[in-house]
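Structure, as structure tokens:
The values are calculated or read from the model by the stated rules, or taken from the named source; none is laboratory data. Computed from a prediction, not measured in an experiment: that's the story for all the values here. So basically every Cβ, Gly included, is an ideal-geometry build from the backbone, and we count neighbours across all protein chains shown. Note: accessible area is taken over every heavy atom of the protein model, side chains too, but ligands, DNA and RNA are not part of it. Shrake-Rupley method; radii C 1.70, N 1.55, O 1.52, S 1.80 Å.
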Amino acid sequence: MIQHPDKNFIDPIPVKIHDQPTYCAHVEEEADGKPWFHDIKEYLAKGEYPELQNPTQKHTLRRLSNNFFHSGGILYRRTPDLGLLRCVGTREASRLLEEIHAGTCSPHMNGFALAKKILRAGYFWMTMEADCVQYVRE
């Protein structure tokens, strides 16, 4: 406890320090080889939830699917100006990172500029900005 200038005591705030960092926004392909958007795509195509999902997961899937559009076997994400961005998996995302960052498309750039350039090219994945920053650092 610490002493307050008015001679009143203030209880300390408990702070937990974890041994390992948590990566909340890092999305990779699942162990079964399906891309991150597989559940959204199946929900939009069939209107059915994946097996063994609780009500919270079903609600999250419904909410997420509002921003996506399924057409011709390809999943697109709607932008605020009603544009469509093609959703890509991790293999295609890594190819896009390499090609746009150091390939024939343009010179080297920082992570945020790289993410914006990929968006302008019409591609999307959930962790695009973090992946671009990490790719440029390496």
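Each label point was placed 7 Å from the Cα along the Cα-to-Cβ direction; for residue 133 and residue 86 their separation is 2.8 nm. Expressed as a whole percentage, what fraction of the accessible surface of region 44-138 belongs to carbon and sulfur atoms when a 1.4 Å probe is rolled over the protein heavy atoms? Percent of accessible area from carbon and sulfur atoms in region 44-138: 52.
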